[in-house]
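The values are calculated or read from the model by the stated rules, or taken from the named source; none is laboratory data. Quick caveat: nothing in here was measured; it's all calculated off a predicted structure. Don't worry about glycine lacking a Cβ; one is built from the backbone with ideal geometry, like all the others, and counts go over all protein chains shown. Just so you know, the surface numbers come from the protein's heavy atoms only, side chains and all, with ligands and any DNA or RNA stripped out. Shrake-Rupley method; radii C 1.70, N 1.55, O 1.52, S 1.80 Å.
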Amino acid sequence: MKQIIPVKQGDNITLTVNGLGSSGEGVGKYEGFTVFVKGALPEEEVRVTITLVKKSYAVGALEEIVKASAERVEPACPVYKECGGCQLQHMSYPEQLAFKRQKVQDVITRIAGLDLEVLPVIGMDTPYFYRNKAQIPVGIVKGETVSGFYRINSNDIVDMEECCIQSHLINKVYGTVRAHLQEDQEMAAQLRHVLIKHAFARDEIMVVLITREMKSDRWKQLAETLMEVHPQIKGVVQNINQRKDNVILGEKEILLAGRPYIEDEIDGFTFRISSKSFYQVNPIQTRVLYEQALAHCELSGDEQVLDLYCGVGHAAKVTGIEIVPDAIRNAKENAARNAFDNLEFICSDAAAYADRLAAEGNKPDVICVDPPRKGCAKSVLEDIARMAPQRIVYVSCDPGTLARDLRILDELGYETVSVQPVDMFPQTSGVETVVLLSHKKLTIQSA
């Protein structure tokens, strides 16, 4: 029997929202047909205009909240509805944490197939102005210089004066750059992005001006001006990117003023951060995340630890694997700076190195994985299982691929012991999760 779709594009309908999608959008039914509504909350009655119709669902633009949820709050950001950077500012913070816990729980149950209760999300006391990195696109629109963030699902720049999830100091530095670009449109036309990094512990700033052209005289003048206005700026770098795609950083860099790095501290350890260094964007919650990961490792100090995507361990020996040469160089420098003599860093594809170690019969006690959003390749998980560590600590930024990998690891002989989400990205739908897995046979033997 052919399905009858009760809505068409342009229809104006009223429905009740009964759930949330994975990105925090409201989900409701209209005559039994699923409709997604960005900005709507459960238990709300809303009026929407249908903007997209597919075979199994439709998307509606929120026009009016007929009946509001008790969890609805006024967004702090004036361009929240246009900007694609945040998805949850209309939701109370306790409700955001509940949503993220349920988001992880749903995939643990449905995809991983595990009968395990996800722990409550560890949130922030102050879930605003927490980010230590801003990547701000710049453009000329209708003869006007604009800078801000991209509108959701587009390359249109939403002009903004400040961002309420970036640090206050980043906003101040950005304001100075923005004012200069509005006065000098010729420079603005040559600028692709402004990248600003903030080392919270030492209150140091690095500014990276990502340009289309090579000439640096005027950029050097801007760099000197920025350092005069903001003493916290320790270095300004020009990055030249003449690519035609969406990759933000190019290969060639010119130091315009100061030094090509800033330094930060976590738990007494010093980290040097360059323009291309990967560094967690929420330093407050990074400490929480690392504490959770370290606690899950259950280290006594005698273990051999293998970290397939590079971190810092407190063990007899830690081997870190990462494919990005700059990341390995920074890791080695940071290890030397902090007098770690039990760390070894190897520049390699994690899958290839794990395969090699497994073939050589290496038996680490603990293996840590912190893969990119796509998760671990099945071959990597198989190699991990061949090495038969007592424990696996899996740090994930994507609940869906995490759940897929936990199911595979379960089939390979590893029991998921605990699932601890950490809110690294308040006001957005993202969530980080730390998972402890234990070897089933070893667990039984020690019981």
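Of the residues making up the stretch 94-101, one or more are open to solvent by less than 20 Å² (accessible area, probe 1.4 Å) and under 30 Å from Ala201 (Cα atoms).
Quick check on this structure: which one of Val53, Val27 is farther than 29 Å from Ile165 by Cβ, in contact with a strand residue (DSSP E or B) (Cβ under 9 Å, 6 or more places away or on another chain) and modelled with pLDDT of 95 or more?
Details: Val27 fails: farther than 29 Å from Ile165 by Cβ.
Just a single option satisfies the conditions, and that option is Val53.
Among the residues of the stretch 385-398, are any closer than 18 Å to Ser22 by Cα, in a strand (DSSP E or B) and open to solvent by less than 10 Å² (accessible area, probe 1.4 Å)? Yes, the conditions are met somewhere in the stretch 385-398.
Scan the stretch 207-247 for residues that are open to solvent by less than 40 Å² (accessible area, probe 1.4 Å), among the β-branched types (Val, Ile, Thr) and in contact (Cβ under 8 Å) with a residue 40 or more places away in the chain and report the count.
Quick first cut of the stretch 207-247, residues open to solvent by less than 40 Å² (accessible area, probe 1.4 Å) only: 207-211, 216, 219, 222-223, 226, 230, 233, 235-241.
Narrowing the set further to residues that are among the β-branched types (Val, Ile, Thr) leaves 207-208, 210-211, 233, 236-237, 240.
From what is left, the residues that are in contact (Cβ under 8 Å) with a residue 40 or more places away in the chain are 208, 210, 233.
Qualifying residue count for the region: 3.
Once the stretch 1-19 is narrowed to residues that are open to solvent by 50 Å² or more (accessible area, probe 1.4 Å) and aliphatic (A, V, I, L, M), the residue that is modelled with the highest pLDDT is Ile5. Checked against (1) crowded, with 19+ Cβ neighbours inside 10 Å; (2) farther than 24 Å from Arg101 by Cβ; (3) of a type in the set (Val, Ile, Thr), Val37 meets all criteria but (2). On the given criteria, is Leu191 open to solvent by less than 60 Å² (accessible area, probe 1.4 Å) and over 29 Å from the mean Cα position of the chain (by Cα)? No: the conditions fail for Leu191.
Quick check, is Glu63 under 28 Å from Ile5 (Cβ atoms) and in contact (Cβ under 8 Å) with a residue 12 or more places away in the chain? When the stated conditions are applied, Glu63 passes them.
Are there strands (runs of 3 or more DSSP E) fully within the stretch 194-278 with at least 3 residues that are closer than 23 Å to Thr145 by Cα and more than 20 Å from the chain's Cα centre (by Cα)? List them. Give the steps one after another, and end with the answer.
Numbers: elements: 204-211, 233-240, 252-258, 262-266, 269-273.
Qualifying strands (runs of 3 or more DSSP E): 204-211, 233-240.
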